[in-house]
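One structure is given below, encoded as C-alpha cells.
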Amino acid sequence: QAITTDMATLTKQVKKFATDKKLEIEMLKDREEYRREFLGNVSHELKTPLFTVQGYISTLLDGAHKDRTLRKKYLERAEKGVERLAYIIEDLDMIGKLEMGDESLEVKEFDIVELSQGVMDLLEMKANKKDISLHFDEKYYRPIRVIADYEKIQQVMMNLVMNSIKYGKQGGSTEISIEDLTNHKVIVRVIDNGEGIEKHNIPRLFERFFRVDKSGARSEGGSGLGLAIVKHIIEAHDEKIYVESKFGKGSEFSFTLEKA
Ligand code: ADP
C-alpha cells in the first residue's frame, strides 16, 4: 500500500516537473523570439536615418562642401538625422526595459497641472513652427495633486503632445484638459484637431513600431515607439489609456491617474 502511494506521489512530482520545465522552455522560446523580432525591427528602424546621414556626408565629401550654402544645408540635414538616431535609440532603450519589466516606478506626489504646463513650455517652439497653439483651460489653473512616477508621466505627456503637433494641421491647436473623476482618479486629455486616424488603424496604434505612414518619408517620422512607451507606462501604473479619433478631424488621447 505504502509503495503504491509513493509511486503515485513520485509520478505526480515527475509530471509536475516536466510541465514546469516545458513552460520554462516555452517562456525562453518566447523571449528568444521576442529578441529576434525586436532586433530585426531595431536594425530596420536605424537604417533609414543612418543612410540619410551617410548620404549627406558622402555628397559633402564629393564636393558639395565647396559651396557655402549647400554645405550648411547638408550639414544641418545630417545633424537632424543624427538627432533622430539618438531619439530612436533612447526610445528603444526605454521600450526594451519596459517590456522586459526591468524598469521600476518611482512613485511620488506631484501637481499634474504644473507638469502639463512644463511640457507645453518645452514644446512651444515646435508648435510655433507649425503655427499650432497649445492651450490649457484656465479653470484648471490650480494644483491637482496625483501619485505617480513624475518622470515617466512627463514622458507620456511629451509623447502625446509631441504627436498632436507632429500630426496636427498647420495653424491647428492642441488642448490639454484635466478632470476629476469620482473614483479618486483624474483623467488627463490631450486633444488635437489634426489629421486624425482611420478607424481600422486605431487598434494597432499602441503596437511598437506601428506607424500609419510607413514610408518614413515624412520629416516628422518617428520610430513608431512613442505610443507603445505611453501604453506601457500607464499600464505599469495600473491605469487606463484611451483613444478617440475622427479621420480628417482630430484625435483625443486620454489616461487616468491616481489622485493624492
Ligand atoms: P511615431 O514615432 O511614428 O510618432 P507613435 O507610436 O507615437 O510613433 O505613433 C504611432 C502612429 O500613430 C504615428 O505614426 C501616427 O500615424 C499615429 N498617431 C499618433 N498620434 C497621433 C495624433 N495625435 N494624430 C494622428 N495620428 C497619430
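Values for this structure:
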| quantity | calculated |
| --- | --- |
| Value at 222 nm in deg cm²/dmol, rounded to 500, when DSSP H runs of n ≥ 4 in the chain each add -39,500 (n - 2.57) | -19000 deg cm²/dmol |
| Range of Cα positions in the range 54-95 per principal axis (Å), largest first | 42, 15, 7 |
| Summed side-chain charge close to LEU205 - residues other than LEU205 whose Cβ falls under 12 Å, Lys, Arg +1, Asp, Glu -1 | +2 |
| Solvent-free Debye scattering, log10 I(q)/I(0), computed from the Cα coordinates of the range 1-153 at q = 0.14, 0.21 Å⁻¹ | -1.01, -1.24 |
| Reachable lysines, given that their alpha-carbon falls under 27 Å from the alpha-carbon of LYS16 and they are not under 8 places away in the same chain | LYS29 |
| Compactness of the chain, expressed as Rg and Dmax over alpha-carbon positions, Å | 23.9, 96 |
| Alpha carbon centroid spacing (whole Å) that separates the range 2-66 from the range 71-139 | 28 Å |
| Dimensionless Rg ratio for the range 114-226, taking C-alpha atoms and the 2.2 N^0.38 Å reference | 1.12 |
| Antiparallel bridges, percent of DSSP beta bridges restricted to the chain (to nearest 5) | 90 percent |
| Heavy-atom accessible area per residue - the chain, 1.4 Å, Å² | 63 Å² |
| Pairs from LYS47/LYS97; LYS47/LYS152; LYS129/LYS169; LYS185/LYS240 whose Cα-Cα separation, in the structure shown, is over 18 Å | LYS47/LYS97; LYS47/LYS152 |
| Added length on full extension, which subtracts the Cα-Cα distance from 0.36 nm per residue, ALA18 to ASN128 | 33.4 nm |
| Rg and Dmax of the range 1-71, Cα atoms only, in Å | 29.6, 96 |
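The values are calculated or read from the model by the stated rules, or taken from the named source; none is laboratory data. Predicted model, so just to flag it, every value in this text is computed and none were measured. Glycine also receives a Cβ, built like all others from the backbone with ideal geometry; neighbour counts cover every protein chain displayed. SASA here: full protein model, heavy atoms, side chains in, ligands and nucleic acids out. Shrake-Rupley method; radii C 1.70, N 1.55, O 1.52, S 1.80 Å.
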